[in-house]
Amino acid sequence: MIHLQHLVKDYGRTRAVDDLSLEVTAGEVCVLIGPSGCGKTTTLRMINRLIEPSSGHILIDDQDISQIKPERLRLSIGYAIQSVGLFPHMTVATNIAVVPKLLNWEKEATSQRVEELLRLVGLDPGEFGHKYPGQLSGGQAQRVGVARALAADPPILLMDEPFGAVDPLTRERLQYQFARIQQELKKTVILVTHDLNEAIRLADRIAIMSAGKLVQYDTPETILSRPANKFVHDFVGTDRALKRLSRIGVEGFVKPANPVAITDSISKIAAVIGRQPSAWVVNGDGRLLGWIDRKSLAQASSASQVLVAQTADEVAISRGATLHEALSLMLGQGVKSVPVVDEQERLIGEVSLSDVEAATVETEA
Amino acid sequence: MRQLLGRDNVALTGSVIGLASVLFGWLTLRPNRLAEGTPLSLWDGLGWGNAAVIVLLWLLCLVLSLSLKGKLKPILLGVTANMVLVVSLLMAGMAATGLLEVEPDSSRVSLGVGIWLTIAAAYIVIYASRQKLKELPLWQHLVSWTGLAILIALIFNGLLDSLSLMQELNGREARFLQELQQHVFLFGISVTIGSLIGIPLGIWANRSRRAERPVFFIANITQTIPSLALFGLIIAPLSALTMALPFLREIGIRGIGTAPALIALVVYSLLPIVRNTFVGLRQVDPAVIDAGAGMGMSRFQVFRRVKLPLAAPLVAEGVRIASVQAVGLTTVAALIGAGGLGFFVFQGLAQAAPDLIILGTLPIIALALIVDAVMRVIVRLVTPKGTGGQ
Ligand SMILES: Nc1ncnc2c1ncn2[C@@H]1O[C@H](COP(=O)(O)OP(=O)(O)O)[C@@H](O)[C@H]1O
Ligand SMILES: [Mg+2]
């Protein structure tokens with residue numbers, strides 16, 4: 001358990017953190033959120049003593065951390081930041097092994113742990129272990145950053161906008177993956193974000209900050225249904241019913257999509273489509289290639305002639321996505337259903353607008 | 001059409017200069033080592049046959065630089081340029097031997113403007129061919145160094161002994177070796193001391209904001225004083241110091257000589273080393289340093305395992321710049337009695353003996369090139385994998 005007691009941090013005449021008290025239950029995800037400059041990063045960095053508070057105390061399992069040597073404290077706290085900060089001159093494996101090495105782990109145990117972590121964050125150890133950070137995509141680097149933070153199995157994880165610097169689809173996948181990992185590992189996590197949907201999706205409790213002060217600290221449901229004051233009300237916005245969709249995964253709403261294969265004959269495709277206006281098209285491995293309009297079938301001699309090619313990045317959501325993301329994509333594209341794909345971009349079904357509406361009404365009630 | 005032929009402008013420039021060089025005096029015949037001489041043209045000096053060989057080699061370079069594509073082109077260009085280099089000097093050496101047999105004993109045969117132009121032009125072509133041979137390092141090294149190596153072999157075999165330049169060396173070999181050694185000693189020691197002082201200063205300037213300004217103020221000032229003035233400036237206080245502290249004199253430190261030269265050279269080497277160390281440390285991504293500290297590395301571990309390896313290439317680059325600069329500056333040291341190859345340069349100037357000046361200058365240029373090449377290898381060796389791109 002982490003206990004912040006009356007924390008204050010002054011920078012000259014600006015008060016970055018103002019009398020902040022907060023209790024984070026062990027095994028829970030606490031998300032710090034608020035407008036830029038409200039003191040989230042400062043608060044987070046006081047917990048691993050990268051910043052010393054001007055006054056106040058931080059207790060971890062009832063021990064005042066000012067009594068613990070900073071280096072020792074940090075070795076027991078995972079730390080992941082938006083800019084990732086991978087060491088560019090070390091391979092991915094060496095990066096992850098930094099804390100185990102500082103802790104003098106056996107070589108064998110370290111390399112086993114590195115492989116285990118790479119698998120956990122969905123990277124193939126054989127392929128990625130020997131790469132340098134410069135050879136990774138943004139999303140891969142973020143995953144390595146999370147793996148590195150988890151390396152010595154610290155009970156506490158501090159994350160400062162860890163999914164901030166990547167594109168929306170990658171961010172959605174990383175969030176899903178993080179939620180899955182957290183379900184398994186049950187770390188005590190303090191995560192900073194400025195993305196309310198991310199907070200609603202990942203948090204057990206959300207701490208809303210404003211100008212260095214804690215404004216409300218509650219479960220996402222309570223924050224959405226009973227904002228403590230006008231600031232929270234405005235911060236959450238008017239679309240609270242929609243925001244609530246961020247807590248609901250699409251997986252319970254996926255229906256079979258009846259795709260056709262690119263290699264199918266036109267007559268077979270026509271039979272599968274039947275009276276529907278269109279159908280999704282996949283390749284032999286089940287990967288989404290695009291879609292076909294029923295009307296275009298008449299003059300076609302093969303499926304590839306009339307395929308409207310579209311990548312999963314453009315039109316699909318991952319199976320880890322939330323109803324909120326499904327809905328925004330539908331509204332953005334002006335469609336009534338979106339395909340759902342797995343990590344290999346294989347089509348596993350679709351989610352339709354009517355199901356999302358039903359869910360909205362349910363949570364409203 | 002031009003694209004098809006693959007014109008190489010640098011090599012072309014070199015070839016044109018090379019061809020033009022045959023129009024200038026190729027050798028200079030002097031009645032004695034100090035007197036004005038009469039220039040001899042390429043064909044008068046070397047004979048028609050030899051002259052034709054050189055002209056043909058340059059024409060070959062010209063054609064090669066205008067035509068052909070692919071890897072063979074720079075190789076052929078490089079080989080031809082090296083041949084021009086060796087052939088023209090060898091022929092000049094032999095022509096000089098022939099001339100000395102018929103001319104009076106005190107006569108000297110010096111290299112003329114034309115042959116110096118040809119040497120410069122050959123190196124322009126070699127440079128152009130090097131640039132195109134980055135993927136073939138073996139050929140790149142061969143093209144760069146073979147001609148020079150053969151020339152050195154020719155010198156050791158006495159084939160160039162009839163040239164006035166070599167006659168200046170004659171009888172001075174011991175002195176030449178001694179001053180060469182002193183030159184290497186002076187710049188080597190001063191860059192070593194400069195690194196030992198400059199790298200910690202750069203680290204200090206990076207670590208403490210209060211140190212940054214004074215460190216750079218002093219380093220910058222020293223760089224703006226003309227070298228001769230700095231050498232001079234050090235003489236007076238050092239003399240005074242040795243007067244006041246006799247034990248300094250006993251261990252060989254005097255107002256003139258090696259001690260003040262070393263001090264001046266160390267001071268000059270400081271700026272590039274301090275600046276590059278400082279910049280090298282500062283350009284390390286703050287997020288990387290933050291991550292290191294946040295993961296539990298101590299300040300020293302962050303420095304040793306993260307900042308230092310990432311700054312190392314720039315630090316080494318600073319030492320490279322300081323070394324090349326010191327090779328040149330050491331020349332001036334001869335003026336305050338510290339010796340070095342500058343000794344021949346200034347003695348040559350005093351006697352108005354051009355070949356003596358060249359005897360001092362050539363090895364200085366060669367030293368600078370060698371030091372530069374060696375330091376570039378070192379820079380590459382300290383560049384960590386995963387950074388730097390190439
Ligand atoms: N090192 C610093 N010196 C002075 N002011 C700072 C420093 N770090 C942060 N601040 C100020 O403290 C406030 C909170 O900053 P921060 O915790 O980074 O906000 P957030 O992470 O919520 O965007 C801001 O007003 C910021 O300008
Ligand atoms: Mg921040």
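Observations on the structure shown:
- Nearest-20 debye value, the range A:2-238 charge dipole, Cβ charges on Lys, Arg, Asp, Glu: 400
- Across chain A, C-alpha contacts under 8 Å between residues 6 or more apart give a mean separation that, scaled by the residue count, equals a relative contact order of 16 percent.
- With a Förster radius of 30 Å applied to the C-beta separation of B:Val16 and B:Glu36, the computed FRET efficiency comes to 0.50.
- When A:Asp124, A:Asp264 are compared by accessible area of protein heavy atoms, the largest-first order is A:Asp124, A:Asp264, using a 1.4 Å probe.
- Taking all protein chains together, A:Trp280, A:Trp291 sort by accessible area into A:Trp291, A:Trp280, largest first [probe 1.4 Å].
- Computed over protein heavy atoms with a 1.4 Å probe, the accessible surface of the protein assembly as shown works out to 47 Å² per residue.
- For A:Lys230, solvent-accessible area (1.4 Å; no DNA, RNA or ligand), Å²: 140
- GNM top mover of A:Val121, A:Val92, A:Val260 - chain A, alpha-carbon springs below 10 Å: A:Val260
- Projected label distance in nm at B:Ala52 and A:Arg275, using a 7 Å step from Cα toward the beta-carbon: 10.0
- Counting DSSP beta bridges with both ends in the range A:2-238, the antiparallel % (nearest 5): 50
- Distance in nm between pseudo-label sites at B:Ala120 and B:Ile193 (7 Å out along the Cβ direction from Cα): 3.6
- Peptide B:305-314 is shielded by partner chain Cβ atoms: per residue, an average of 2 of them sit within 10 Å of its Cβ.
- The range B:2-163 - Debye-derived log10 I(q)/I(0), Cα point model, q = 0.10, 0.21 Å⁻¹: -0.38, -1.26
- Dipole of the range B:173-382 [Lys/Arg +1, Asp/Glu -1 at C-beta], most positive-end residue of B:Phe303, B:Ser269, B:Ile225: B:Phe303
- Relative to one another, the C-alpha centroids of the range A:84-107 and the range B:40-90 are positioned 57 Å apart.
- Apportionment of accessible area to carbon and sulfur, the protein assembly as shown, percent (1.4 Å): 60
- Label-point separation, B:Val377 to B:Met243 (7 Å along Cα→Cβ), nm: 4.9
- In chain A, excluding the sites themselves, the longest stretch lacking any of the GluC sites (Glu not before Pro) that are in a DSSP loop with at most 15 other Cβ atoms within 10 Å is A:107-342.
- Charging the Cβ of each Asp and Glu at -1 and of each Lys and Arg at +1, and nothing else, the dipole of the range B:2-163 about its Cα centre rounds to 920 debye.
- On Cα atoms only, tilt of B:48-66 relative to the major axis of chain B in degrees: 50
- Prolate is the label for the range B:257-368, because the ratio a/c of its alpha-carbon gyration tensor axes (a ≥ b ≥ c) is 1.5 or higher and a/b is greater than b/c.
- Of the residues A:Asp239, A:Asp195, A:Asp19, the one that moves most in a GNM of chain A with alpha-carbon contacts below 10 Å is A:Asp239.
- Peptide-level mean, for A:88-94, of C-beta atoms on other protein chains within 10 Å: 5
- Between amide H atoms placed 1.01 Å from N, distances below 5 Å from A:Leu289 occur with A:Val281, A:Val282, A:Asn283, all of them 5 or more places distant or on a separate chain.
- Top positive-direction residue, dipole computed over the protein assembly as shown with Cβ charges, set A:Met159, A:Trp105, B:Val377: B:Val377
- Rg/Rg_globular for chain A, with Rg_globular taken as 2.2 N^0.38 Å and Rg from C-alpha atoms: 1.14
- If R0 equals 22 Å, the separation of the Cβ atoms of B:Ser298 and B:Lys385 corresponds to a calculated FRET efficiency of about 0.35.
- For peptide A:70-78, the mean count of partner chain Cβ atoms within 10 Å of a residue's Cβ comes to 3.
- FRET E, pair A:Ser267, A:Glu357, Förster distance 60 Å, beta-carbon r, rounded to 0.05: 0.95
- Kirkwood-based shape ratio for the range A:251-364, expressed as Rg/Rh from alpha carbons: 0.99
- Between the range B:108-143 and the range A:338-358, the Cα center-to-center distance that results, in Å: 68
- Over the range A:115-183, relative contact order from alpha-carbon pairs under 8 Å, at least 6 apart, %: 32
- Equivalent ellipsoid, the range B:173-382 (semi-axes from 5 times Cα gyration tensor eigenvalues, Å): 37, 21, 13
- Mean residue ellipticity, 222 nm, helices only, the protein assembly as shown: the sum of -39500 (n - 2.57) across DSSP H runs of n ≥ 4, divided by residue count and rounded to 500, is -18000 deg cm²/dmol.
- Pairing chain A with chain B buries about 1700 Å² of accessible area. This figure sums both sides and uses a 1.4 Å probe.
- Listed residues B:Thr330, A:Thr91 arranged by accessible area, highest first, probe 1.4 Å: A:Thr91, B:Thr330
- Gyration tensor over the Cα atoms of the protein assembly as shown: the corresponding equivalent ellipsoid has semi-axes (square roots of 5 times the eigenvalues, largest first) of 72, 40, 18 Å.
- At 0.890 mPa s and 25 °C, Stokes diffusion of chain B via Kirkwood alpha-carbon radius, µm² per second: 102
- A:His130 - accessible surface, heavy atoms, 1.4 Å probe, Å² rounded to 10: 150
- Sequence-separation-based contact order of chain B, relative, with Cα cut under 8 Å and 6+ spacing, percent: 16
- Net +/- balance of residues flanking B:Thr28 in space, Cβ distance below 12 Å, scoring K and R +1, D and E -1: 0
- Structure remark: mean-square fluctuation, Gaussian network model of chain A, C-alpha springs under 10 Å; the largest value among A:Pro154, A:Pro88, A:Pro277 belongs to A:Pro277.
The values are calculated or read from the model by the stated rules, or taken from the named source; none is laboratory data. All values reported here derive from a predicted model rather than from experimental measurement. Quick reminder, even Gly has a Cβ in these numbers, built from the backbone with ideal geometry, and neighbours come from all protein chains shown. Note: accessible area is taken over every heavy atom of the protein model, side chains too, but ligands, DNA and RNA are not part of it. Shrake-Rupley method; radii C 1.70, N 1.55, O 1.52, S 1.80 Å.
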